[in-house]
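In what follows, a single structure is set out as structure tokens and then discussed.
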Amino acid sequence: MMMTMKKEKIIYFEKAGPQNTSAVIGLMKEKALEAKPAAVVVASTSGKTGLEAARAFAGTGIRLLVVPFQKRMADKHNWHLDSDLKKQCLKSGAVFLPEEPECKMLDDERNDLIRGWYCMGQGVKVALQVATMCVDTGLIHEGTTVLSCGGTGEGADAAVLMTAFGFENAHKNRINEIIAMVQI
């Protein structure tokens with residue numbers, strides 16, 4: 001049997017944080033133009049990462065989904081989406097996950113699943129989680145290939161090309177390619 005291999009470049013950041021956001025968004029745009037995913041999914045607590053992505057993807061025809069902190073988590077941590085940044089993102093064509101989504105990932109978080117995702121770092125965990133939430137809320141269909149990014153605290157420091165499934169089938173989520181991540 002012949003084995004097929006594919007060699008891709010992964011960017012490893014030495015430190016997590018918002019200083020990596022521009023590089024992650026640039027890498028995602030490059031990969032999106034090549035891979036043609038159904039959507040680009042961006043975690044954005046304040047709206048800054050969402051706006052940077054909205055500006056980068058404006059005019060590309062690539063669907064951008066922005067996932068802010070859910071209202072209950074935003075209230076708990078006092079991390080709220082900036083309404084002006086959200087308006088600017090919306091003007092660029094971005095679509096936002098609802099503030100109080102009907103999403104099983106929020107109510108039933110499975111610690112075993114979340115811990116497993118953390119093995120690749122918090123940014124990768126967030127990227128997987130926000131794509132799963134987009135499936136659960138109907139923004140994307142199960143089995144859809146998306147580019148998704150997340151971060152550790154602020155900004156984006158991880159991005160993956162993945163096949164996304166909802167919470168009930170989250171064990172089927174498949175990372176097709178790691179674009180960038182923090183060195184672990």
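The values are calculated or read from the model by the stated rules, or taken from the named source; none is laboratory data. Computed from a predicted structure; not experimentally measured. Every residue, glycine among them, receives a Cβ derived from its backbone with ideal geometry; neighbour counts consider all protein chains shown.
Quick check on region 13-34: of everything there that is more than 16 Å from the chain's Cα centre (by Cα) and not acidic (Asp, Glu), which residue is surrounded by the fewest Cβ atoms within 10 Å (Cβ to Cβ)?
Checking each candidate, the answer is Lys15.
Just to be sure, is Trp117 closer than 24 Å to Met181 by Cβ, at pLDDT below 90 and part of a loop (DSSP other than H, G, I, E, B)? Lay out the reasoning, then the answer.
Numbers: closer than 24 Å to Met181 by Cβ: yes; at pLDDT below 90: yes; part of a loop (DSSP other than H, G, I, E, B): no.
Here the answer is no, as Trp117 does not meet what is asked.
Could you say whether any residue in region 2-12 is among the polar types (S, T, N, Q) and surrounded by 23 or more Cβ atoms within 10 Å (Cβ to Cβ)?
Applying the first criterion (among the polar types (S, T, N, Q)) to region 2-12 yields 4.
Subset that is surrounded by 23 or more Cβ atoms within 10 Å (Cβ to Cβ): none.
Among the residues of region 2-12, not one is among the polar types (S, T, N, Q) and surrounded by 23 or more Cβ atoms within 10 Å (Cβ to Cβ), which makes the answer no.
Being closer than 18 Å to Arg115 by Cβ and outside any loop (DSSP other than H, G, I, E, B), is that true of even one residue in region 136-144?
Quick first cut of region 136-144, residues closer than 18 Å to Arg115 by Cβ only: none.
Looking through region 136-144, none of the residues is closer than 18 Å to Arg115 by Cβ and outside any loop (DSSP other than H, G, I, E, B).
Within region 165-184, how many residues turn out to be touching a Cys at 6+ places or on another chain (Cβ under 9 Å), over 23 Å from Glu52 (Cα atoms) and either buried (at least 18 other Cβ atoms within 10 Å of the Cβ) or without any contact (Cβ under 8 Å) to a residue 40 or more places away in the chain (or both)? Explain how you work it out, then say what you get.
If we filter region 165-184 for residues that are touching a Cys at 6+ places or on another chain (Cβ under 9 Å), which is where we start, we get 166-167, 179-180, 184.
Subset that is over 23 Å from Glu52 (Cα atoms): 166-167, 184.
Keeping just the survivors that are either buried (at least 18 other Cβ atoms within 10 Å of the Cβ) or without any contact (Cβ under 8 Å) to a residue 40 or more places away in the chain (or both) gives 166-167.
Count: 2.
Which ones in region 162-182 are in a strand (DSSP E or B) and not β-branched (Val, Ile, Thr)?
Taking region 162-182 first, the residues in a strand (DSSP E or B) are 162-164, 174-182.
Of everything in region 162-182, those that are in a strand (DSSP E or B) and not β-branched (Val, Ile, Thr) turn out to be Met162, Ala164, Arg174, Asn176, Glu177, Ala180, Met181.
Go through region 28-49 and give me each residue that's basic (Lys, Arg) and in contact (Cβ under 8 Å) with a residue 60 or more places away in the chain. Can you show your working first?
Step one: list which residues in region 28-49 are basic (Lys, Arg), which gives 29, 31, 36, 48.
Matches in region 28-49: Lys31, Lys48.
Working only within region 112-154, note down all residues that are crowded, with 24+ Cβ neighbours inside 10 Å, of a type in the set (Ser, Thr, Tyr) and over 25 Å from Glu14 (Cβ atoms).
Thr132
Among the residues of region 140-151, are any at pLDDT 95 or above, on the phi < 0 side of the Ramachandran plot and touching a Phe, Trp or Tyr at 6+ places or on another chain (Cβ under 8 Å)?
Yes: one or more hits.
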